[in-house]
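Remarks on the structure that follows.
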Amino acid sequence: MLQKYRSVCTGVLTIALGLLLVAPAWAADPGLNYVRPRGGQRGTEVSLTFIGARLSDAVEILSYKKGFEFKEIKANPKNANICTAIVKIAPDCALGEHTFQVRTKSGVSDYKTFWVGQFPEVAEKEPNSEFETPQPIELNHTVTGIVQNEDVDHYIVTAKKGQRISAEIEGIRLATTLFDPYIAILDEKRFELKAEDDLPLLRNDAAISVVAPADGKYTILVRDSSYGGNGAAFYRLHVGTYPRPTAVYPAGGQLGTKQQVTFKGNTIDNLVQEFQLPDKPDAEFELFASDAGGSAPSGNVFRLFPHGNSMEQEPNNDLKSASAAALPNAFNGIIEKEGDIDFFKFQAKKNQTLEIECYARRIRSPLDPVVNLYNAKSQRLGGNDDSRGPDSYFRYKFPADGEYAISITDHLSRGGEDFVYRIEMLPVSPELELGIPRNARYSQERQRIVVARGNRFAAIVSAKRSNFGGEIALDTSNFPKGIKVIAEPMAANLTTMPVVFEAAADAPVEGELIALTGRHADPKQNISGVFTNRADLVRVRNNQLLWLKDVAQIPVVVVEELPFKLDIVEPKAPLTRNGSMQLKVVVTRKEGFDEPITLQFPFRPPGVGASSRVTIPKGKNEVFYPINANSKAEMKKWKVFVIGSANVGGNAWVSSQLAPLEVADSFVDLDLARTAVEQGQETEIICKVNMKNPFDGDAKIKLVGLPPKVTTEDISFNKESKELVFKVKTDPASPQGRHKSLFCQVEIPINGENVVHTTGRTELRIDKPAPPKKDEPAKPATVAKKEEPKKEAPKRLTRLEQLRLDAQKRLESGTK
């Protein structure tokens, strides 16, 4: 199991009285944007500023590795989003990248990086933008600077003939902005001795090394590769006499042994050193080259492997001259020149299945490998180019005992002294990785366990199983005192599980980084894995990830109590297939807190759906959360939770208990007959009842999906019912046509609650009344009516007659 480290915190947070007077009763959700300065020299004390959000109650800095002691942690009296601390960096602190998080009384921030170097540090001083006005520095120093837009920084050193001048820059690796550094070394006549933009070893950062051709002054130039830059383009430039190899060969060794390696590239001429390798795997393990000129500022990636090494023997450019190798060793070599191809031959067993994995780019080699497998007859059996990014991977089952060969070359036929590779072939083995699904893209939100005193927090823990199946259980033995972990084993057919964390009312307000470990639920299966979390530190257009940081621990902290608590009113009836449920959630509020609370239903059993979020309104104490199950929902007694957030001077999260939710089969199936009717007439829809799960009492069926101006009444039924009839009335204006969306909604009383599900589908066809047939006798009237005399139609007058009549009427009217 991975060890857990905590920083030593000896300072007491002091807050100005003015801040106390305006601070809210509660606070939460600290954030961390970056740490300044971006690094420091080991063996010194550095004053750090942490800039983010809601950091006024900071009490501890958590570090993922040993080598740091923090003290004098203080709030900024003028800015609640800033805190400061003094860090004492141990003389033996590992060089390179480290990660810090700020723990406050109310939470823990996301993590950011800090870099440790070996040299004394000097700050950039302007003006140094011209070759004629460089900033003088001494060798074996680190310059901390910043590149503004179109800025070019110059530094000048003095060197003797034959002396090595090395420069390495941390730019994109500082993860403050998109800054792609370019560096060069120039002589006194401004001739460029060497320049570098993107070194595969350092990805988008650069390192160069030259041997001074004469006594004199040499200029190191720093700029953005495209002459960009901004107020956040910080860099750390290490200038010295140290070796800066670009490759180590072999690039891996056997755990727990001493391994001799050769460093290659730049001004290194086969520097050979021996290292004692750790006896446990470490994904971040590196080797640091050193000689009389010092130590490299950063290491070379080195693979730790359970077995030994087989090394290539040139010439091995074809099958006949393939280098002899033996499994389970890793095969190591260098594609030394353009067009080079390396072959290895080895023995394999019938039905032996091996995972064939090439490491090149992942060990920071320039090589883009292409790997192929052959039998003794030179027939190609398989191969791969880019299954692991630019690296190669494939799985192969050997058909027979015998000799086989494997080849490797560069995709573009390139080569060089640092085009190092290793091929590892191991039997298929089970692997387990744990994580917490991200709730926002690229975000660190809720990638930590923050539990308020006397309250609960919950998370979805995900598992990636490789080459095995079965249930997964969490190991909770190393959780801090006062925190109880409630979780059932993850079902074999699922990749997520709900976990609730409860803190006692008197739990210590503390926190630490722990290794969250999962294992196969069957103790006979020796399969385990550890939680890992990834921070996307620098992303650019098209979501290209330029710099990231993985960690294998998770912060677990207890914070001061919060003003609300959530509970699910546990349902007494099941959620049925094709059914829905209103899950009641209640909140207990502290006096004076009436903010709205946004709820989510994160864990959804297979086939169960839910609204994305529901809000308990301001001042209200309960809400119904709608959930539903489809026709294939897995029938089982599950455990679920809701998690809610509210503004308490920041976003605070609490969860409900892990409540039972039974998913069951529907109680009844209905077979509805299709029917047709004319507009304005009545008809019947007959339902045959298939009782799947008998119940007590009377239930109700509603016919849903009727078209406009069509009505029916709900029907009551019980477990004895065999056939039901809906009497359907239409209107002369009911829309004619085929209406296919009719179905039944069933409400069944179970334990005082209504179980609602849908069943049955049918079609109602509404037709326009047919016209009477030609010569069809009139239908007899149901009531005899008295025949009235026919009225003769008025005689139609001519125009002249109408004029005479109108004139006569006017004369008569005038006489009267």
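For Lys484, a cut-off of 18 angstrom between C-alpha atoms picks up these aspartates and glutamates, skipping any fewer than 8 places away in its own chain: Asp475, Glu502, Asp506, Glu510, Glu512, Glu560, Glu561, Asp567. Multiplying each eigenvalue of the alpha-carbon gyration tensor of region 247-305 by 5 and taking the square root yields semi-axes of 20, 11, 10 Å, largest first, rounded to whole angstroms.
Once the Kirkwood radius over Cα pairs is known for region 613-663, the Stokes-Einstein relation at 37 °C and 0.692 mPa s delivers a diffusion coefficient of 247 µm²/s.
Of the chymotrypsin sites (Phe, Trp or Tyr not before Pro) in region 481-555, not one is in a loop by DSSP (not H, G, I, E or B) with at most 15 other beta carbons within 10 Å.
Can you give the convex hull volume per residue for the Cα atoms of region 195-244, as a whole number of Å³? Hull volume over Cα atoms, normalised by residue count, gives 107 Å³.
Return the FRET efficiency for the residue pair Lys722, Glu763: r is the Cβ-Cβ distance, R0 is 22 Å, and the value is rounded to the nearest 0.05.
0.45
For the pair Ala492 and Lys590, the difference between a 0.36 nm per residue extended length and the Cα-Cα distance amounts to 31.2 nm.
Converting phi to 3J(HN,Hα) with the Karplus coefficients 6.51, -1.76 and 1.60 and the offset θ = phi - 60°, region 311-321 yields 10, 5, 10, 6, x, 9, 8, 8, 5, 5, 9 Hz in sequence order, with x at every glycine or proline.
Report Rg(Cα)/(2.2 N^0.38 Å) for region 178-305, keeping two decimals. Taking the Cα Rg and dividing by 2.2 N^0.38 Å, one obtains 1.20. Residues whose amide H lies under 5 Å from that of Ser323, counting only those 5 or more places away or on a different chain, are Gln313, Phe343, Phe344, Lys345; hydrogens are built 1.01 Å from N in the peptide plane. Label-to-label distance, Lys337 versus Glu192, with points set 7 angstrom from Cα along the beta-carbon direction: 2.7 nm. Taking only the Cα atoms of the chain, the radius of gyration and Dmax are 39.1, 143 Å.
Could you work out the Rg to Rh ratio of region 564-664, with Rh taken as the Kirkwood radius (inverse of the mean 1/r over all Cα pairs)?
1.00
Can you give the angle from 0 to 90° between the axis of helix 799-815 and the longest principal axis of the chain, with both taken from C-alpha atoms, to the nearest 10? Between the helix axis and the principal axis of the chain, the angle is about 70 degrees. Each of Val122, Val540 has some number of other Cβ atoms within 10 Å of its Cβ, and from fewest to most they run Val540, Val122.
Direction-averaged projected area, Cα convex hull, region 309-453: 11.8 nm², rounded to one decimal.
Overall, the chain carries a charge dipole of about 3920 debye about its Cα centre when +1 sits on the Cβ of Lys and Arg and -1 on the Cβ of Asp and Glu, all other atoms neutral.
The trypsin sites (Lys or Arg not before Pro) of region 470-526 that DSSP puts in a loop, and whose beta carbon has at most 16 other beta carbons within 10 Å, are Lys481, Lys524.
For region 141-171, trypsin sites (Lys or Arg not before Pro) meeting the loop criterion (DSSP other than H, G, I, E, B) and having at most 11 other Cβ atoms within 10 Å: Lys160, Lys161.
What does the convex hull of the Cα atoms come to per residue for region 668-767, in Å³?
78
Kirkwood analysis of the Cα pair distances in region 413-566 returns a hydrodynamic radius of 17.8 Å.
Bear in mind these aren't lab numbers, they're just calculated from the coordinates by the rules spelled out. Because the structure is predicted, anything quoted here is derived from the model rather than measured. All Cβ positions, even for glycine, are placed from backbone atoms using ideal geometry, and neighbour counts span all protein chains on display.
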